[in-house]
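Asker: Mind having a look at this structure? Questions to follow.
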Amino acid sequence: MDIRYHSSKTFHLFNDEISYIFTVLKNGHLGQLYFGAAIHDREDFSHLIEMTPRAMTACPYDQDPAFSLEHLRQEYPVYGTSDFRHPAVEVMQQNGSSISEFVYESHTIASGKPNLPGLPATYVEDDREAMTLEVTLRDALTGVTALLRYTIFADYAAIARSVMIANQGEETVHLRRAMSLSLDLPDSDYEWLQLSGCWGRERHIVRRPLTPGLTAVDSLRGSSSHEQNPFVALLRPDAGERQGEVLGLSLIYSGNFQISAQVDAHQNTRLLCGINPFGFDWKLEPGERFQTPEAVLVYSQKGLNDMSQTFHQLYGRRLARGEWRDRPRPILINNWEATYFDFTEDRLIEIATRARDCGVELFVLDDGWFGQRCNDHAGLGDWQANPQRLANGISGLAQRIEGLGMKFGLWFEPEMVNEDSDLYRAHPDWVLRTPGRNACVGRHQLVLDFSRPEVVDNLYQQMSVILGGAKVSYVKWDMNRSITECYSAVLPPDRQGEVFHRYILGVYNLYERLTSRFPHVLFESCASGGARFDPGMLYYAPQCWTSDDSDAVERLKIQYGTSLCYPVSSMGAHVSVSPNHQVMRSTPLHTRANVACFGTFGYELDLNKLTPSELEEVKEQIRFMKEYRSLLQFGTFYRLKSPFEGNETAWMVVSADQKTAIVGWYRVLNQANKDFSRLRLEGLNPDFCYQNSVTGTAHYGDELMRCGLITSDPVSPLSELGRTDSGDFESRLYILKAK
Ligand code: DGJ
């Protein structure tokens, strides 16, 4: 890994796998030259600046008919000075002009990676893990500077980028757009892949060709959202899971975002990624700075799966933090789907006791324990235990749970308030609400104004009292509505465009303070399931409740899509009751567990309602999970068969020493007279001979990867030949152990 600056004013960042090259153009702007597989370094790459005189080109620079911003590939472009594409940055002066001219001023190159104050970001534990280049650009007229920060990692095919805009002039300006990353690519021969959906159906894979004009995903809901995820991949048309050139782009941010690709008339593609410019307006007084979130670019020549593995490793090891980052996650039972709001302390203890008998390690008390929260109309904001339900408070219940030999976890929804709550009665102005307008309620709740430090302080105090006063080992942090009428009662009119971002900074601030003060607590983020499954949250909470839809079949698509960017260790996945509460589908218990075990694993039902034989099965599932959870959660993950392409899904994990692998195979509907089926495995050692736990046979890794693992049912379900138990929603786990 190195970062070189050549006399040709060219920067080359490279490691064993990737190169990123840009240069100072003759007008002082930065020109983008290359991002892709590693190439040899050289003094000068200026021949990669493609220019040609074109008819009707707007305003060439310095009378050079070939040199116009309209066609050049740039690094942090502006609009309105002859580039007509969407820009990376827009600064409005007091006279109303938004024209600027960012010109190279200086740069530094250093080992390591600086933190981004107040924002989640990838990090290093040793300065030898990465190098960082900081390039300062200056707009001479306003004195506004843009510090472009690029980090290249020694061990990951990834570049992290962010920008810090500083007003070093004498006049107040307004930042109307400050993208974290802009990348101009020299062609448009790509397909665009995004993760889209809605509540209960998050992160489904959508893939389509790039065409001239704009392609984009974004959120304007205040959260990264159920609907879109701050991740996209660009793939060459021949690229797939196992082969081809892929570029992954992810934004470490939990609020309104936008990622777009713009293909111009000459097939250049401009990628932009950052805070959604819609409604964004940040006032920068002289001396003030604005730091954008971090964007991460990953490159692979070996298809989507290889790109995902880079994200899994980088995000699992150098974005997630804290004591739980590398630890196998506790097997939990959550009471939500077992009781909803209808519980007493004794009922909770009954649920916990049965779970403990089966081997469950952590009991999580979900919504309904605080204030007057007997349904979802009241209580949010009042984070004291309801004495009618919990006579000895949270500490009394936690003690009883610990007495059973389990750990205790608790649900919060810190950012919300019900009108029927003491907090709201005391501070009606603490909510986001536009003066003179109706304030929409969602799930009967309003959104607290987390842009205000005193609101965040209040929640910090309330939560600290609970977490400090009881043995709480786990927190589930929920967020159950989108933000509307976004307006803060205390900010002046010309700062209202800052509220969405200040809100997220408030959320990050509360997370930072709580995780620092309670470092032993495992935090799981949640926003009605998957509305904030994003890299920003991963920095504070190493796992996230993946979706409120806990049906095993639905989860195949959700977990498969999520795995494009996020590691197995981050995906909250539970076995719930059958018929399932979201889709009313009945699925076998083993299939529910076989899906959930590729996640952080737990139960979301009352085990007292299971039959004795089902309870035995649960005990066996937990025994299995305890034995293999390190491998399942931290092994190298491969997608093998897509639920978006057929009736079967498969994925697998392989241990670092390649001696153990677990293959998950799932079939949605059974068929008569089925085809034979095989899975070509990945990541095994071709020379190791693996014992197959299902068939009892042994096979070399090369056979399993090239001929495949036979997954056809061992017995045909034709009546004359005898029956099998395999019907709809069948699944198997194959444990492969090298002999
Ligand atoms: C939404 C979450 O995703 C559920 O798991 C549960 O915690 C409910 N909220 C409680 O209100």
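Asker: Assuming residue 487 fulfils every condition listed in (1) touching a helix residue (DSSP H, G or I) at 6+ places or on another chain (Cβ under 8 Å); (2) outside any strand (DSSP E or B); (3) surrounded by 19 or more Cβ atoms within 10 Å (Cβ to Cβ); (4) not acidic (Asp, Glu) apart from one, which condition is it?
Answerer: With (1) touching a helix residue (DSSP H, G or I) at 6+ places or on another chain (Cβ under 8 Å); (2) outside any strand (DSSP E or B); (3) surrounded by 19 or more Cβ atoms within 10 Å (Cβ to Cβ); (4) not acidic (Asp, Glu) applied to residue 487, the lone miss is (3).
Asker: For the range 329-343, name all the residues that are of a type in the set (D, E, K, R) and either at pLDDT below 95 or more than 10 Å from the ligand (Cβ to nearest atom) (or both). Full working, then the answer.
Answerer: Filtering the range 329-343 down to residues of a type in the set (D, E, K, R) leaves 329, 337, 342.
Matches in the range 329-343: 329, 342.
Asker: Moving on to the next point. Here is a check on your reading of the model: is residue 399 free of Cβ contacts under 8 Å to residues at least 60 places away in the same chain and surrounded by fewer than 16 Cβ atoms within 10 Å (Cβ to Cβ)?
Answerer: Details: free of Cβ contacts under 8 Å to residues at least 60 places away in the same chain: no; surrounded by fewer than 16 Cβ atoms within 10 Å (Cβ to Cβ): yes.
Criteria not met by residue 399.
Asker: Determine which member of the set 538, 564, 589 is away from the ligand (no atom under 16 Å from the Cβ), within 21 Å of residue 646 (Cα to Cα) and outside the structural domain of residue 122 (by TED's automatic domain parsing).
Answerer: Values: 538 fails: within 21 Å of residue 646 (Cα to Cα); 589 fails: within 21 Å of residue 646 (Cα to Cα).
Of the residues listed, the single one that is away from the ligand (no atom under 16 Å from the Cβ), within 21 Å of residue 646 (Cα to Cα) and outside the structural domain of residue 122 (by TED's automatic domain parsing) is 564.
Asker: For the range 666-684, name all the residues that are of a type outside the set (Gly, Ala, Ser) and surrounded by 15 or more Cβ atoms within 10 Å (Cβ to Cβ). I'd like the intermediate steps shown before the answer.
Answerer: We begin by selecting, within the range 666-684, every residue of a type outside the set (Gly, Ala, Ser); these are 666-671, 673-676, 678-682, 684.
Of everything in the range 666-684, those that are of a type outside the set (Gly, Ala, Ser) and surrounded by 15 or more Cβ atoms within 10 Å (Cβ to Cβ) turn out to be 666, 667, 668, 670, 679, 681, 682, 684.
Asker: When you check residue 388 against the structure, is it on the phi < 0 side of the Ramachandran plot, surrounded by fewer than 19 Cβ atoms within 10 Å (Cβ to Cβ) and away from the ligand (no atom under 16 Å from the Cβ), yes or no? Full working, then the answer.
Answerer: Numbers: on the phi < 0 side of the Ramachandran plot: yes; surrounded by fewer than 19 Cβ atoms within 10 Å (Cβ to Cβ): yes; away from the ligand (no atom under 16 Å from the Cβ): yes.
Criteria met by residue 388.
Asker: Sticking with this structure for a sec: Just name the residue that is surrounded by the most Cβ atoms within 10 Å (Cβ to Cβ) out of those in the range 86-119 that are farther than 29 Å from residue 153 by Cβ and in contact with an Asp or Glu (Cβ under 6 Å, 6 or more places away or on another chain).
Answerer: Per the stated criteria, the residue is 100.
Asker: What number of residues within the range 607-663 are more than 24 Å from the chain's Cα centre (by Cα), in contact (Cβ under 8 Å) with a residue 24 or more places away in the chain and assigned to a helix (DSSP H, G or I)?
Answerer: So the count comes out to 15.
Asker: Which of the residues spanning the range 110-160 are assigned to a strand (DSSP E or B) and more than 27 Å from residue 307 (Cβ to Cβ)?
Answerer: At the first step, the residues of the range 110-160 found to be assigned to a strand (DSSP E or B) are 110-111, 130-139, 144-153, 158-160.
Passing the criteria: 110, 136, 137, 138, 139, 144, 145, 146, 147.
Asker: Any chance you could count how many residues in the range 181-198 are in a loop (DSSP other than H, G, I, E, B) and buried (at least 18 other Cβ atoms within 10 Å of the Cβ)?
Answerer: Here is the first cut: in the range 181-198, the residues in a loop (DSSP other than H, G, I, E, B) are 186-190, 197-198.
From the residues that got through so far, the ones that are buried (at least 18 other Cβ atoms within 10 Å of the Cβ) too are 188, 190, 197.
The qualifying residues number 3.
Asker: Cβ-Cβ below 8 Å, separation at least six or inter-chain, first residue in the range 101-112 and within 19 Å of residue 10 (Cβ to Cβ), second assigned to a strand (DSSP E or B) and aromatic (Phe, Trp, Tyr): which pairs?
Answerer: Close Cβ pairs satisfying both conditions: 107/5; 107/11; 109/5.
Asker: Here are 593, 573: which of them is buried (at least 22 other Cβ atoms within 10 Å of the Cβ), more than 22 Å from the chain's Cα centre (by Cα) and among the aliphatic types (A, V, I, L, M)? Spell out the reasoning first.
Answerer: On the way: 573 fails: more than 22 Å from the chain's Cα centre (by Cα).
One residue alone meets the criteria, 593.
Asker: Shifting gears a bit: Quick one: in the range 450-487, which of the residues that are of a type in the set (Lys, Arg) and more than 16 Å from the ligand (Cβ to nearest atom) is nearest to the chain's Cα centre (by Cα)? Can you show your working first?
Answerer: First pass over the range 450-487, keeping only residues of a type in the set (Lys, Arg): 452, 471, 476, 481.
Those left that are additionally more than 16 Å from the ligand (Cβ to nearest atom): 452, 471.
On the way: 452: 26, 471: 29 Å.
Only one residue tops the list, namely 452.
Asker: Scan the range 405-420 for residues that are surrounded by 16 or more Cβ atoms within 10 Å (Cβ to Cβ) and more than 15 Å from the ligand (Cβ to nearest atom) and report the count.
Answerer: Within the range 405-420, residues that are surrounded by 16 or more Cβ atoms within 10 Å (Cβ to Cβ) and more than 15 Å from the ligand (Cβ to nearest atom) number 5.
Asker: Also, quick follow-up: Any residue in the range 434-445 that's in contact (Cβ under 8 Å) with a residue 60 or more places away in the chain: show its pairings with residues that are more than 16 Å from the ligand (Cβ to nearest atom) at Cβ separation under 9 Å, as long as the two are six or more apart or on different chains.
Answerer: Between residues of the range 434-445 that are in contact (Cβ under 8 Å) with a residue 60 or more places away in the chain and residues that are more than 16 Å from the ligand (Cβ to nearest atom), the close pairs are 444/419; 445/419.
Asker: Here's something else I'd like to know. Please determine whether any residue of the range 36-55 is touching a Ser or Thr at 6+ places or on another chain (Cβ under 7 Å), among the charged types (D, E, K, R) and surrounded by 20 or more Cβ atoms within 10 Å (Cβ to Cβ).
Answerer: no
Asker: Right, another one. Just checking, how many residues over the range 592-644 are out of contact with any strand residue (DSSP E or B) (no Cβ under 6 Å at 6 or more places or on another chain), within 16 Å of the ligand (Cβ to nearest atom) and of a type in the set (D, E, K, R)?
Answerer: Selection size over the range 592-644: 1.
Asker: If you don't mind, there's one more thing I want to ask. Hey, any hits in the range 544-558 for a residue that's polar (S, T, N, Q), crowded, with 23+ Cβ neighbours inside 10 Å and touching a Ser or Thr at 6+ places or on another chain (Cβ under 7 Å)?
Answerer: Here is the first cut: in the range 544-558, the ones polar (S, T, N, Q) are 546-547, 550.
Among the residues that remain, those that are also crowded, with 23+ Cβ neighbours inside 10 Å are: 546-547, 550.
From what is left, the residues that are touching a Ser or Thr at 6+ places or on another chain (Cβ under 7 Å) are 546, 550.
The answer is yes, given that some residue of the range 544-558 is polar (S, T, N, Q), crowded, with 23+ Cβ neighbours inside 10 Å and touching a Ser or Thr at 6+ places or on another chain (Cβ under 7 Å).
Asker: Among (1) surrounded by fewer than 20 Cβ atoms within 10 Å (Cβ to Cβ); (2) touching a Lys or Arg at 6+ places or on another chain (Cβ under 7 Å); (3) hydrophobic (A, V, I, L, M, F, W, C), there is one condition residue 290 misses while meeting the rest; what is its number?
Answerer: So the condition that residue 290 fails would be (2).
Asker: Quick one: which of 362, 397 is modelled with pLDDT of 95 or more, within 16 Å of the ligand (Cβ to nearest atom) and among the aliphatic types (A, V, I, L, M)? Let's see the steps before the verdict.
Answerer: On the way: 397 fails: within 16 Å of the ligand (Cβ to nearest atom).
Within the list 362, 397, the selection yields 362.
Asker: Report yes if residue 420 is closer than 23 Å to residue 374 by Cα and either in contact (Cβ under 8 Å) with a residue 12 or more places away in the chain or acidic (Asp, Glu) (or both), otherwise no.
Answerer: Values: closer than 23 Å to residue 374 by Cα: yes; either in contact (Cβ under 8 Å) with a residue 12 or more places away in the chain or acidic (Asp, Glu) (or both): yes.
In short, yes.
For (1) under 23 Å from residue 365 (Cα atoms); (2) in contact with a helix residue (DSSP H, G or I) (Cβ under 8 Å, 6 or more places away or on another chain); (3) in the same structural domain as residue 524 (by TED's automatic domain parsing), each residue gets a yes or a no:
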position: 558; (1), (2), (3): no, no, yes
position: 593; (1), (2), (3): yes, yes, yes
position: 606; (1), (2), (3): yes, yes, yes
position: 614; (1), (2), (3): no, yes, yes
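Asker: Take residue 227 and decide whether it is within 21 Å of residue 104 (Cα to Cα), in contact with a strand residue (DSSP E or B) (Cβ under 7 Å, 6 or more places away or on another chain) and without any contact (Cβ under 8 Å) to a residue 40 or more places away in the chain. Before the answer, list the steps.
Answerer: Working: within 21 Å of residue 104 (Cα to Cα): no; in contact with a strand residue (DSSP E or B) (Cβ under 7 Å, 6 or more places away or on another chain): yes; without any contact (Cβ under 8 Å) to a residue 40 or more places away in the chain: yes.
No; evaluated as a whole, the condition is false for this residue.
Asker: Hand me the list of strands (runs of 3 or more DSSP E) wholly inside the range 361-466 holding 2 or more residues that are assigned by TED's automatic domain parsing to the domain that holds residue 499 and within 26 Å of residue 492 (Cβ to Cβ). Please lay out each step first, then the result.
Answerer: Numbers: elements: 362-365, 407-412, 416-418, 445-447.
Here the list reads 416-418, 445-447.
Asker: Restricting attention to the range 1-42, which residues are polar (S, T, N, Q), closer than 21 Å to residue 155 by Cβ and part of a strand (DSSP E or B)?
Answerer: Within the range 1-42, the first condition is being polar (S, T, N, Q), and the residues that meet it are 7-8, 10, 15, 19, 23, 27, 32.
Those still in the list that are closer than 21 Å to residue 155 by Cβ too: 15, 19.
Of everything in the range 1-42, just one residue is polar (S, T, N, Q), closer than 21 Å to residue 155 by Cβ and part of a strand (DSSP E or B), namely 19.
Asker: Sticking with this structure for a sec: Quick one: residue 110 ticks every box in (1) within 22 Å of residue 252 (Cβ to Cβ); (2) touching a helix residue (DSSP H, G or I) at 6+ places or on another chain (Cβ under 9 Å); (3) at pLDDT below 95 bar one, so which box is it?
Answerer: With (1) within 22 Å of residue 252 (Cβ to Cβ); (2) touching a helix residue (DSSP H, G or I) at 6+ places or on another chain (Cβ under 9 Å); (3) at pLDDT below 95 applied to residue 110, the lone miss is (3).
Asker: Here are some residues: 730, 648, 703. Which one is within 23 Å of residue 566 (Cα to Cα) and of a type in the set (D, E, K, R)?
Answerer: Values: 730 fails: within 23 Å of residue 566 (Cα to Cα); 703 fails: within 23 Å of residue 566 (Cα to Cα).
So the residue among 730, 648, 703 that is within 23 Å of residue 566 (Cα to Cα) and of a type in the set (D, E, K, R) is 648.
Asker: Which members of the range 488-514 meet the condition of being farther than 23 Å from residue 219 by Cα and under 19 Å from the mean Cα position of the chain (by Cα)?
Answerer: Across the range 488-514, the qualifying residue is only 512.
The values are calculated or read from the model by the stated rules, or taken from the named source; none is laboratory data. Only a predicted model underlies this, so the values are computations on that prediction, with no experimental measurement involved. Here the Cβ is made from the backbone with ideal geometry for all residues, glycine too, and neighbour counts use every protein chain on show.
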